[in-house]
Amino acid sequence: MAKKMLMIVTGTDKINSDNKTGIWVSEFTEPYLAFREAGYDVTVASPKGGKAPLDPNSMEEDIPEEWKEAMKRLEETAELKQVSAESYEGVFLPGGHGTMFDFPDDENINSILQYFADHNFPIGAVCHGPAAFVNAVKSDGTSIIDGKKITAFTNEEEESTELDKYMPFMLETSLREKGALFELGAPWSDYAVIDGNFVTGQNPQSSLTTARAFIEVVEGQRKKKFE
């Protein structure tokens, strides 16, 4: 049976007229390459499909060749409403400030997350990716993160970017308000949290650790399925 992974990325390209945004490059490329190396066929989707924006602040001078190959997948993303959640074994949401604007209220994201949460299937996210969890609920109406140990970009890290004043909400605060048992490492440290089939990473530095932990969770689920 083919191994299939869904990655959902932001389609928002600006915070305001002075600040461009999008996907934080490493938060997409590192997990994407890890998933591919582990044998997964990866679908990359965004709320409206098409070319996904990259945060200019995340573009490194010397981009590794393998990153460039991965970034080509962002030239033409699938439109989320065309994606069937049932086709995938895991869903992973990279960050970037763009997610703060289009993830929380996207009906298709909320529907996909509801399916995964209802079935206790693997959900992963890093940095601002957990913005998708803010309004996501199970079929019974409870938050998908109520009582879950998770992490995400912290208030302290957000304030240090000096972009906090432009954000529609503070991510850490909102996740706590939804009942998440929020955990945090030192600012800008490589920190990931695993709680059952939920895997989250705190910041860009945590992307690869989070992806590898997520692969282990998905592989564990596959093993149970085929035992």
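The values are calculated or read from the model by the stated rules, or taken from the named source; none is laboratory data. Since the model is a prediction, treat every value here as computed from it, not as a measurement. Cβ sites come from the backbone with ideal geometry, for glycine too, and all protein chains shown count toward neighbours.
Count of segment 202-212 residues, restricted to those that are in contact (Cβ under 8 Å) with a residue 40 or more places away in the chain and assigned to a helix (DSSP H, G or I), is 7.
Return the only residue of G141, G147, G220, G179 being more than 20 Å from F103 (Cβ to Cβ), of a type outside the set (D, E) and not in a helix (DSSP H, G or I). Don't jump to the end; show me each part of the working.
Details: G141 fails: more than 20 Å from F103 (Cβ to Cβ); G220 fails: not in a helix (DSSP H, G or I); G179 fails: more than 20 Å from F103 (Cβ to Cβ).
Answer to the selection: G147.
When we screen G96, G50, G22 for residues that are modelled with pLDDT of 95 or more, surrounded by fewer than 22 Cβ atoms within 10 Å (Cβ to Cβ), of a type in the set (G, A, S) and on the phi > 0 side of the Ramachandran plot, the only hit is G50. In summary, V199 fulfils each of the numbered conditions (1) surrounded by fewer than 21 Cβ atoms within 10 Å (Cβ to Cβ); (2) part of a strand (DSSP E or B) with the single exception of condition (1).
Comparison of G39, G11 shows that the only residue that is at pLDDT 95 or above and exposed (fewer than 12 other Cβ atoms within 10 Å of the Cβ) is G39. Filtered by the rule that a residue be under 26 Å from E107 (Cβ atoms) and either surrounded by fewer than 16 Cβ atoms within 10 Å (Cβ to Cβ) or at pLDDT below 95 (or both), segment 139-149 gives S139, D140, G141, T142, D146, G147.
Counted as qualifying within segment 40-118 are the helices (runs of 4 or more DSSP H) with 3 or more residues that are polar (S, T, N, Q), namely 107-118.
Residues in segment 178-196 that are small (G, A, S) and closer than 14 Å to S143 by Cβ: G179, A180.
I'd like to know if segment 186-194 contains one or more residues that are among the hydrophobic types (A, V, I, L, M, F, W, C), free of Cβ contacts under 8 Å to residues at least 40 places away in the same chain and closer than 25 Å to D105 by Cβ. Scanning segment 186-194, I find no residue that is among the hydrophobic types (A, V, I, L, M, F, W, C), free of Cβ contacts under 8 Å to residues at least 40 places away in the same chain and closer than 25 Å to D105 by Cβ, so the answer is no. Within segment 213-226, residues that are among the aromatic types (F, W, Y) sit with their Cβ atoms under 7 Å from residues that are not in a helix (DSSP H, G or I), at 6+ positions apart or across chains, in these pairs: F214/G90; F214/F92; F214/P122; F214/G124; F214/V199.
Return the only residue of A180, A152 being buried (at least 23 other Cβ atoms within 10 Å of the Cβ) and in contact with a Cys (Cβ under 8 Å, 6 or more places away or on another chain). Give the derivation first.
Numbers: A180 fails: in contact with a Cys (Cβ under 8 Å, 6 or more places away or on another chain).
Only one candidate qualifies: A152.
Within segment 1-48, work out how many residues are among the small types (G, A, S), in contact with a Ser or Thr (Cβ under 7 Å, 6 or more places away or on another chain) and within 17 Å of S84 (Cα to Cα). Lay out the reasoning, then the answer.
Looking only at segment 1-48, we keep the residues that are among the small types (G, A, S), and these are 2, 11, 17, 22, 26, 34, 38-39, 45-46.
In the following step, the residues that additionally are in contact with a Ser or Thr (Cβ under 7 Å, 6 or more places away or on another chain) were identified as 11, 22, 26, 45-46.
Checking which are within 17 Å of S84 (Cα to Cα) leaves us with 45-46.
So the count comes out to 2.
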